[in-house]
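What follows is calculated from the coordinates using simple rules that are stated; it is not laboratory data. Being a predicted model, the structure only gives us computed values, none of them experimental. We place every Cβ from the backbone using ideal geometry, glycine too, and count neighbours over all the protein chains shown.
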Amino acid sequence: MNNTSAIMPIEVLLVEDNPGDAQLTRIALEDSKISVNLNVVEDGVEAMAFLRKQEKYAKVPHPDIVLLDLNLPRKDGREVLAEIKTDATLKRIPVVVLTTSQAEEDILKAYNLSANCYITKPVDFDQFVKIVQSIEDFWFAIVKLPPE
């Protein structure tokens, strides 16, 4: 999908196990100037099933961008990132790591695994909303996203 399209929404896959953070992201995107369709999965196994359109995800849209938490149950975000970026059909999807970890080793590992950017989640509600809106402004309005 081209982000200049006025008809089709930007398809976002949020991989987040914290319901509060998922809800905050949803709220922040509701005020979007751009049409956004947010899909949320709660762990890395579900994320890969969604991306590969397996089982209950057979008819889901191809995401234009993935917002990925690192600390997930069943399969952590580092493993998900590695799988996305080594899969020929998925590797062009931009992955924004959005996590609480400020650890240098996590930042280095994410970039070594070809994350498109790494953002530390603020704990303050207003700051969290600003971060999500900044992601939206940059990735949905400025960047040309790759076609499916």
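Looking at the square roots a ≥ b ≥ c of the eigenvalues of the Cα gyration tensor of the chain, which shape do they give, rounded for a/c under 1.5, prolate if a/b is larger than b/c, or oblate?
On the way: a/c = 1.34, a/b = 1.04, b/c = 1.29.
Cα axes put the chain in the rounded bin.
So for each of 131-137, 54-60 I average, over its residues, the number of other beta carbons within 10 Å; can you give me the resulting order with the highest mean first?
131-137, 54-60
Give me the extension gain from residue 141 to residue 37: residue separation times 0.36 nm, minus the current Cα-Cα distance, reported in nm with one decimal. Intermediate values should be presented prior to the final figure.
Numbers: separation 104, 0.36 × 104 = 37.44 nm, distance 1.49 nm.
Gain in length upon complete extension: 36.0 nm.
Which entries in 56/121; 56/130; 33/144; 91/144; 75/130 show an alpha-carbon gap greater than 25 Å?
Details: 56/121 30 Å; 56/130 33 Å; 33/144 17 Å; 91/144 16 Å; 75/130 28 Å.
The pairs that break the limit, which is 25 Å between Cα atoms, are 56/121; 56/130; 75/130.
In nm, what is the difference between 0.36 nm times the number of residues separating residue 112 and residue 87 and their Cα-Cα distance?
Details: separation 25, 0.36 × 25 = 9.00 nm, distance 1.55 nm.
Extra length from residue 112 to residue 87 when fully extended: 7.4 nm.
Hey, can you grab everything whose amide H is under 5 Å from the amide H of residue 36? Only 5+ residues off in sequence or another chain; H modelled, so Pro and N-termini drop out.
The answer is 10.
DSSP loop trypsin sites (Lys or Arg not before Pro) in region 61-148 with at most 10 other Cβ atoms within 10 Å of their Cβ, which ones? Write down the numbers at each step before the final one.
Numbers: sites: 74, 75, 78, 85, 91, 92, 109, 130, 144; in loops: 74, 75, 91, 92, 144.
Here the trypsin sites (Lys or Arg not before Pro) that fit, given the DSSP loop and packing criteria, are 144.
So how far apart, in nm, are the two label points at residue 27 and residue 45 if each is 7 Å from Cα heading toward Cβ?
3.1 nm
Rounded to the nearest 0.05, what FRET efficiency is calculated for residue 71 and residue 130 with R0 set to 35 Å and r the Cβ-Cβ distance? Can you show the working numbers first?
Details: r = 22 Å, r/R0 = 0.63.
The value I calculate is 0.95.
Grab the Cα-Cα distance for residue 123 and residue 58, subtract it from 0.36 nm times how many residues apart they are, and report the gain in nm with one decimal.
Working: separation 65, 0.36 × 65 = 23.40 nm, distance 3.50 nm.
Here the segment from residue 123 to residue 58 would lengthen by 19.9 nm.
List every DSSP H helix in the chain whose Cα atoms extend 20 Å or more along the helix's own long axis and whose mean Kyte-Doolittle hydropathy is at least 0.0.
Working: long enough: none.
For the chain, where a helix must reach 20 Å along its axis and average at least 0.0, there are no hits.
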